[in-house]
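Just below is one structure, and these are the notes that go with it.
Here, each number is a calculation from the coordinates, and none is a lab measurement. Keep in mind that this is a model prediction, so the values were computed, not measured. Here the Cβ positions follow ideal geometry from the backbone for every residue, glycine too, while neighbour counts run over all protein chains shown.
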4 protein chains.
Amino acid sequence: MVKAAICGGSGYAGAEVLRILLLHPGVEVVAVTSEKSAGKRVTDLFPHLHPYAHLVFGPLNKIEDLAEKAELFFMALPHAASQEAVDFFFGKGKKVIDLSADFRLSDAAVYEAWYKTPHRYQETLKQAVYGLPELHRERIKKSRLVANPGCYPTGAILGLYPAIKEGIIDNGTIIIDSKSGTSGAGRKAETAFSYCEVNEGFKAYGIAVHRHTPEIEQELSAMAGKKLTVNFTPHLVAMDRGIFSTIYGKLAGNADTGEVIGLYRKTYDGEPFVNVLEEGVFPNSKNVRGSNYCEIGIKVNKRTGTLIIVTAIDNLVKGASGQAVQNMNIMMGFKETTALEPVALFP
Amino acid sequence: MVKAAICGGSGYAGAEVLRILLLHPGVEVVAVTSEKSAGKRVTDLFPHLHPYAHLVFGPLNKIEDLAEKAELFFMALPHAASQEAVDFFFGKGKKVIDLSADFRLSDAAVYEAWYKTPHRYQETLKQAVYGLPELHRERIKKSRLVANPGCYPTGAILGLYPAIKEGIIDNGTIIIDSKSGTSGAGRKAETAFSYCEVNEGFKAYGIAVHRHTPEIEQELSAMAGKKLTVNFTPHLVAMDRGIFSTIYGKLAGNADTGEVIGLYRKTYDGEPFVNVLEEGVFPNSKNVRGSNYCEIGIKVNKRTGTLIIVTAIDNLVKGASGQAVQNMNIMMGFKETTALEPVALFP
Amino acid sequence: MVKAAICGGSGYAGAEVLRILLLHPGVEVVAVTSEKSAGKRVTDLFPHLHPYAHLVFGPLNKIEDLAEKAELFFMALPHAASQEAVDFFFGKGKKVIDLSADFRLSDAAVYEAWYKTPHRYQETLKQAVYGLPELHRERIKKSRLVANPGCYPTGAILGLYPAIKEGIIDNGTIIIDSKSGTSGAGRKAETAFSYCEVNEGFKAYGIAVHRHTPEIEQELSAMAGKKLTVNFTPHLVAMDRGIFSTIYGKLAGNADTGEVIGLYRKTYDGEPFVNVLEEGVFPNSKNVRGSNYCEIGIKVNKRTGTLIIVTAIDNLVKGASGQAVQNMNIMMGFKETTALEPVALFP
Amino acid sequence: MVKAAICGGSGYAGAEVLRILLLHPGVEVVAVTSEKSAGKRVTDLFPHLHPYAHLVFGPLNKIEDLAEKAELFFMALPHAASQEAVDFFFGKGKKVIDLSADFRLSDAAVYEAWYKTPHRYQETLKQAVYGLPELHRERIKKSRLVANPGCYPTGAILGLYPAIKEGIIDNGTIIIDSKSGTSGAGRKAETAFSYCEVNEGFKAYGIAVHRHTPEIEQELSAMAGKKLTVNFTPHLVAMDRGIFSTIYGKLAGNADTGEVIGLYRKTYDGEPFVNVLEEGVFPNSKNVRGSNYCEIGIKVNKRTGTLIIVTAIDNLVKGASGQAVQNMNIMMGFKETTALEPVALFP
């Protein structure tokens, strides 16, 4: 049994790791931390996690003790706060999966420009692998430090990967219009995320300045072999879960919808969690809710010469905790789909 | 591997049986029927069930062939339509779990009075066991025909069982005020259940005349040892899943909240799917969504001498398909919780 | 033009008074206060109120100045905080409509027992009239201090008034099971009211201890001519607006549904905001959303000898700000329906 | 008093015209038709419209009689079905506001290409004015036949008008990503629009083929002075009302956000229903729900040289019935804002 700990377990991402690991036959959660909820039971915060009735949040500050207890650490701390703890566990020879943004951007200067705080562990940063298995599975397998991708980047990058790799779109014209369920904002006490403010509303936020932009650009640039920029607009949707991305790019050639689908299926052949839909069928965030799957739909607009790619994931699963468990499975040698078998809860 | 078939698989209950059985290591679904969707793939109706990509709805009319294929049948046909098919498979020596109401009421006259159609298979009806494991586990174990309880009765009966069994309330004063998510109405094309009619609305329906009333009364009367009647009011809530029941009864004695909780915990000791909450904690339908659990909360109102019991279940899981799988596990000798391990999807 | 001020205008109730008064040809809002939002524009908090672009929240502490500016004050301060300000304006000879609970309970001891704070202005309290126009219109007309009813009490009392007045139910058996939209909790930053916690959930709260209980009992006792107690259970519903109450009482005689409806219609004959529905038709909170109407539906359950009354209101309109404007109209001699003409926004 | 009739009053658009006209002091609704609901009361279908208790749906086939009764006709019939009736009333010298698409496209060939049915009244079509007051107020004033714009085109065209008119974007790069509440689908009995299918889901539909595309292109091309094409992607959102459009276009020059806002404010100066928001503030569909307002927000993305325009309207009000009443006010010489004074219902 792999002994795992979760640091920062009082948010939705931490709770989802706990929920998913209930189905894992090879992992035991031995500790979970939370600064502000230290001393409370997991079930005080999350009654639905009643099989963890015995588990109590500990403070992170007993970090030396914690390092003794586990061999693998899921880090679900806030951005910037995660750096030091990740470095600590990594330095102790532990395996670390960081759900924060702190180790996703390989260029520390880019990190500082977007997150407004320096990266203080750049040597450790060099060891980190960007944890999108569909792109970097082999490197993840050999790594001890995986930077789990952001929710928006997961849906955007999976949507664009085959198109950029195969050179079928003009890389200077990419627009990513994304819509996220409200759990993406985390579990917090803010008027702006209270029920009556969100429900029956629809709005954009962080237009042109959202921090997931450089993360998307880093991965797409690597595929393209040269630096590219994208327009990325996130929206807040009155639903619990789901990220739906509508992605536009000018077609470089004149492929039709069927041909592009063929190319996407070839790229994702054998991937357990990517479903490229048949022509005329498009994703719905509800079809992946609670699951680790990513649905991809394709449409070529012949009138305008534009490729339109639509993707749907569950932001808390494939966009966070599910992907973290997928990465753990790869790192630890478990079957990659272990504990991730459930399909969406529909309706 | 147990070979199972689902008759009437194009509704939410059938789809939920399929979803849940994906996690079952001992059961294979060999056939699924639908009259109006015959010839379509399961995934045409339910894209989230993509692991069943190979499965195509067949017509029920090839019933002889169907009987050959499986040893256990989940029947999710409409009320009245279920009678004949259940009788047929039962007559062939098969094991049958009927999710319709057709075999729940042991008195055929009561069935006819509430369902406005005669019961044409009264000999078979005598063989049926009411499939609430917490009440009738031993009989279910030995039965070949289980009448799976209605969604409202499951939450109401589990809430009242300890109180009536122990004689702590006045059985003539019971009021059951229930609130159901919209999936309880089934998957259908009706203006009244369209999004804009339901969303942001709240209404009662079937006041004093809902068909689940005699089912509740049958089970409560059996506990009480004499016939009792209840007020039962269902309401439609703008949410997908969940039944929340607020139940009132005059206290027969003067027990306080803690004593009643103690009694409930004693009654449900060892039950894998019933959680009696501690004093001051109350159920939330969201804490059981997607799971087979039933939460029960207790409050004694000293000012009025009233016991208030609140229960929450997922109407499609413990209130339908999950309980059906639970019954199957009992009937077939599997561990009772098999495939029912997932906790609620929260948020 | 009547000059009116709103104290505590940064919550939903204050915003609703502003919204409704936009349609009032005889009232000008000259000031609006908020402690924590002082200095901000109304539109900073409520962009939808753009016709008030000129209006800036002032601090309440300049209370002497404020008293000069207006002749009528809508008080939307928190409970307990309202007492002093109400007393001040009343003492200055102003007309006051208090949306808090501070002047609703005529017995100061009852107030203290439920609100855990003494009532420090008992002489002023004696002058207050409970502002439910359907019961106390003539007294409101002559009053300078109206205690605007709570949201739950409005729906409960309007539902029970004819039945108790006419003596057709057993007053010792009353159960009020109420369901409220989330705006009833106010505009606040609390995790428990954040979108993902509320959405797709259903729960009860304050069972047997909610502070609206004594308010309901006060009014019902007055009707009955003797003290009575009720069971009152509030629930939180994932919708913005609306209170739906399902009310039960043992029938004293054997009236049928039609007779009871007749009696209700007689009682409410001429009332502009109460709609007693015809037999077989029942309320839906969506039918009154955004309006000042109260829908009432009636059903006699012959099997159990129980009268079931269902009522629906918009908690922020008839349950708060709309009723406040209705009271203002009565106090100031406007036509009672002025500015309250809009029907529900449906869908 | 202007006598008005509504043809096709059993859908949401018809009901909204009725709701809005309740506040109009100069218009009387003398008739309302519905084929399938003929003989039913308006309140049978829409209980919230109780002030119309006297009004009964008549069949449209008594069209000669109907023409006698009113001088102005709101036509809310399905596309294609509207042509003949509009032509009939127009031929009788009546004033007609057509909410269908039948008279929006001035080129009958374009109509036939997208609606798959010929336009049989091309002489009448020539008389029609596209009823977007912000663009065509003077022509509407003099017209007897107004083609009320589609919901998506209203939000898209208002968002793009200043940018195209002033030549600040590259007209070949326009992408309109729109998100609509479910009432846009109308009031209908279809599984795909049932509560449980829509709720907690998000999907795109009609990608690259939606019929509002040529309507948008017609108006934008007229502004641009030459034919242009756009990418238009509609999405279905789990909310009742609202259309939110995120619009992208490459900047032709290098204006910054403040300059573009200045230009937009100049263009819409004096418009009663268009609010161009200040820098850093963006629309929310909830801020316009139930109102006739359009919110517009602007952001220049300097990194990519892209102008991003976001607009929000209520699809049933500014996107349909409110705009129809606005057009009526212009045609009949009423103050343009009459009956359209209410701001959004928030929350």
Point to revise | Rounded Å value of the spacing that divides the Cα centres of region B:166-238 and region C:1-72 | key: 45
Check your understanding: List the GluC sites (Glu not before Pro) in region C:172-251 that DSSP assigns to loop (not H, G, I, E or B) and whose Cβ has at most 16 other Cβ atoms within 10 Å. Which are they?
Key -> C:190
Revision key, fill the gap. Expected sort for A:241, D:265 with the fewest Cβ neighbours (10 Å cutoff) up front is D:265, A:241
Review point. Taking the label point as lying 7 angstrom from Cα along the Cα-to-Cβ axis, what are the distances from residue B:38 to the corresponding position in the remaining copies, in ascending order and in nanometres?
Key: 3.8, 6.7, 7.7
**Study point:** Label 7 Å beyond Cα on the Cβ vector: residue A:71 copy-to-copy distances, nm
**Key:** 4.0, 8.3, 8.8
Study note, to complete from the structure: Simple SL model, points at 7 angstrom along Cα→Cβ for residue A:68 and residue A:116; separation in nm is 4.0
Review point. Could you give, in nm with one decimal, how far residue C:337 is from each other copy of that position, shortest first, with labels 7 Å out from Cα toward Cβ?
Key: 2.5, 6.1, 6.4
Review point. Given charges of +1 on the Cβ of Lys and Arg and -1 on the Cβ of Asp and Glu, with all other atoms neutral, how large is the dipole of the protein assembly as shown about its Cα centre, in debye to the nearest 20?
Key: 0
Exercise for review: Please figure out what share of the DSSP beta bridges in the protein assembly as shown is antiparallel and state it in percent, rounded to the nearest 5.
Suggested key: 50
Point to revise | Positive dipole terminus of chain B, leading residue within B:293, B:261, B:60 (C-beta point charges) | key: B:60
Revision key, fill the gap. The aspartates and glutamates whose Cα lies under 13 Å from the Cα of residue A:126, excluding any fewer than 8 residues away in the same chain, are A:87, A:102, A:107
Exercise for review: Show which lysines lie in cross-link reach of residue C:36 when reach means a straight Cα distance below 17 angstrom and same-chain residues fewer than eight apart are skipped.
Suggested key: C:62, C:188
Review point. For the charge dipole of chain D, defined by +1 on Lys and Arg C-beta atoms and -1 on Asp and Glu C-beta atoms about the Cα centroid, which residue among D:180, D:248, D:132 has the Cα displaced farthest towards the positive pole?
Key: D:132
Point to revise | Residues in region A:306-326 reached by a label modelled at residue A:170 [backbone nitrogen below 12 Å; 7 Å Cα→Cβ] | key: A:306-307
Practice item. Place +1 on the Cβ of every Lys and Arg and -1 on the Cβ of every Asp and Glu in region A:2-127, take the dipole about the Cα centre, and give the residue among A:110, A:8, A:88 whose Cα lies farthest towards its positive end. Key: A:8
**Study point:** Cα-based helix-to-principal-axis angle, D:212-224 vs chain D, degrees rounded to 10
**Key:** 60
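Let me spell out the model: positive unit charges on the Cβ of Lys and Arg, negative unit charges on the Cβ of Asp and Glu, origin at the Cα centre of region B:178-269. What dipole size does that give, in debye rounded to 20? The partial results should precede the final answer.
Details: 11 positive and 10 negative charges, 36 e Å.
In total the dipole reaches around 180 debye.
Quick one: of the DSSP bridges fully inside chain B, what percent are antiparallel, nearest 5?
Among the beta bridges of chain B, antiparallel pairing accounts for roughly 45 percent.
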Practice item. Out of all DSSP beta bridges with both ends in region A:2-127, state the antiparallel percent to the nearest 5. Key: 5
Check your understanding: Considering the rotational relationship between chains D and C, which residue of chain D contributes the beta-carbon of minimal distance to the axis, and what is that distance to the nearest Å?
Key -> D:345, 3
Review point. Over all residues in C:182-195, what is the mean tally of Cβ atoms on other chains that come within 10 Å of each residue's Cβ?
Key: 6
Review point. Using Cα atoms only, what is the angle between the long axis of helix D:151-165 and the major principal axis of chain D, expressed in degrees (0 to 90) to the nearest 10?
Key: 40
